1. So which of B:Ile236, B:Ile291 ends up being surrounded by 14 or more Cβ atoms within 10 Å (Cβ to Cβ) and at pLDDT 90 or above?
2. Identify all residues within region B:111-129 that are farther than 13 Å from A:Tyr28 by Cα, without any contact (Cβ under 8 Å) to a residue 40 or more places away in the chain and not in a loop (DSSP other than H, G, I, E, B); write none if there are none.
3. From A:Gly120, A:Gly147, A:Gly139, grab the single residue that is on the phi < 0 side of the Ramachandran plot and without any contact (Cβ under 8 Å) to a residue 24 or more places away in the chain.
4. In region B:1-29, what residues are at the interface with chain A (Cβ under 7 Å from one of its Cβ atoms) and either outside any helix (DSSP H, G or I) or touching a residue at least 12 places away in the same chain (Cβ under 8 Å) (or both)?
5. Enumerate the pairs (first residue in region B:130-158 and over 15 Å from A:Leu234 (Cβ atoms); second residue anywhere and polar (S, T, N, Q) and exposed (fewer than 15 other Cβ atoms within 10 Å of the Cβ)) with beta-carbon separation below 6 Å, excluding pairs fewer than 6 apart on the same chain, so at least 6 apart or on different chains.
6. Conditions first: (1) farther than 23 Å from A:Ser195 by Cβ; (2) within 12 Å of chain A (Cβ to nearest Cβ). B:Phe205 passes all but one, so which condition is the exception?
7. Just one of (1) over 21 Å from the mean Cα position of the chain (by Cα); (2) in contact (Cβ under 8 Å) with a residue 60 or more places away in the chain; (3) surrounded by fewer than 20 Cβ atoms within 10 Å (Cβ to Cβ) trips up B:Val208, so point out which.
8. Quick one: is B:Leu126 more than 7 Å from chain A (Cβ to nearest Cβ), in contact with a Gly (Cβ under 9 Å, 6 or more places away or on another chain) and at pLDDT below 90?
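The values are calculated or read from the model by the stated rules, or taken from the named source; none is laboratory data. Every value quoted in this text rests on a predicted model; they were computed, and no experiment measured them. Don't worry about glycine lacking a Cβ; one is built from the backbone with ideal geometry, like all the others, and counts go over all protein chains shown.
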Amino acid sequence: MNLRPKQTYVSSTILWVYSSFTLFLLSYMTYQAFRSKKELLSNTFGLPETFNFANFKKLFVEADFLRYFANSTWILVATLVIVILLSSTVAYGIGRYQFRFKSVVLLYFLIGLMFPVQLGIVPIFLLIRDLGLLNSQWGVVLVLASGISLPVFLLTTFFEKLPKDLYESAKIDGAGEWTTFIRVMFPLASPVIYSICIIMSVQIWNQFFVPLIMLQSDSNRTIPLMIMKFSNNLMYNLDLAMAGSVMATVPILILFFIFSGKVLEGMASGGVKG
Amino acid sequence: MTWMRKRPFLWFILPGFVLYTLFSVYPIFSALQISFNRWDGIGEKTFVGFDNYIELFTNKELFGQLTGAFRNSVTLFLLNALAVLPAQLYMAYLLYSGIRGHRFFQAMIFSPQFIATPVIVFMGTLIFDGNIGVFNKLLETVGLGSWTRPWLGLPELGIFVVWMMVAWSGIGVGMIFFLGAMKMISHEVMEAAYLEGASYWRRFFSIVLPQIKTTVLNMLILTYIFAMTMFDFSFILGGVAGGINRSVDVMALFFYRIAFGDNSAVGGTMNVNAMGMGTTIACVMFAVIFIVALIQVVLTYRRTED
């Protein structure tokens, strides 16, 4: 069946122009990152006189890029692990068992979808402060990991759709509730968990608001906050902002382009049912 | 113990319930409670009833900032709803119909989603900066040198510059959601319409759009919530003050400024009441979101009943 429009020239052109613009922006930034600060400021569009890795060297040696990278990575991994553990158990509890007020419990876990973390940040801030976790990455991890509404929703839908025989046969084999969950159900849910990992990773990795409020000393901060520090004073730090932006962007995008089919599939599954 | 053993689901739900309640649900109620107090976050709390709300809406400076921020947030929502959303539908439909190069387009259009906001704002600077910006250079090259401006520093353009960055970074998400929804439409229906001679765009308006209208409505509400709580773009671009003449100020930034930022411009009363007034603003934002969300739920509910 031919679903295509007869004349695609106009639409094609629009998409080509738009995509080229994005591609241009990325390449332009990458290109400029290899030039010296002096040249960038005084001869932005001229032919490059110097073209080397000096800015990147400065980023790694003087600006300690790896520390920000480690901070971001640690927050991402810890949050992701907690989110997956908590949301899969909650979803299994709701999806697998029949009990009174089941729909109320599910609704309770879903209201978080409507209210972003910004609204409750003052009490969260006070809570984290009272726990002594201010300026600690654990504070950020706990706050971000509590946002389990979307994963719970996706996984509950999955567990509810599983045929009841599956639970029954596992039971007959004499497996306990937890063994069944860990050995059978959790692995079964891995495609959904994979989607959740992708959706959440992007959110956590680029999270700006929570780390900004919780992490006050520079040594604890994440990559987005590092970039902001540099780009706040472009006259002085243009070279670092350039190299930092490239390091924060290009490797991830290359990964995305390689796996884009699977990644986009995972992303879409978060929206269709919502 | 046996009571718990008979209800194994409780053990499964409990850990998630605790963390979720503590950091996602409790803060909303706690914010409401704090908003009835005068409090700097450290010293004694004094209960003042609705005084904070009254002050927010009667103090000239505060109310001016509130309306300014609200206007910008609404502008952002309208631009997203009226320009970005149709563009997302348009792009999704083109990709859905398998236009040549659709995999490439899909990846390119979605890719800014992976870029952190500070980098996006920095890229915006590379284009629109008065001195090193590509856009001014482009204008000069085509002979429009007199049109060059320091685009990021013009208060009258403030929120539109923010919007352009927001749109570029976020357009792919809605597009992918719409594309996913379109792929769920049964092939028979599309084929039947095709065989009956319905044109390309006729099929879009008569079949595709009605079939995915729930997704569109959901996207609309997400767009609204986003506009009301968007913080990072404005903060990075305009700092805690919200730019020149607060031109990029939005609701979440106004809230941040009162609760955590410097309050010198507002006068003496704010510093000692940062938490009280901050939560008051958060509660107003909460109400503004809740009302619209409620309307949407009612609308969707009524439609399914028909």
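1. Only one candidate passes the filter, namely B:Ile236.
2. Passing the criteria: B:Phe114, B:Val119, B:Phe128.
3. The conditions single out A:Gly120.
4. B:Arg7, B:Ile28
5. Hits for this filter: B:Pro155/B:Asn245.
6. (2)
7. If we test B:Val208 against (1) over 21 Å from the mean Cα position of the chain (by Cα); (2) in contact (Cβ under 8 Å) with a residue 60 or more places away in the chain; (3) surrounded by fewer than 20 Cβ atoms within 10 Å (Cβ to Cβ), just (3) comes out false.
8. no
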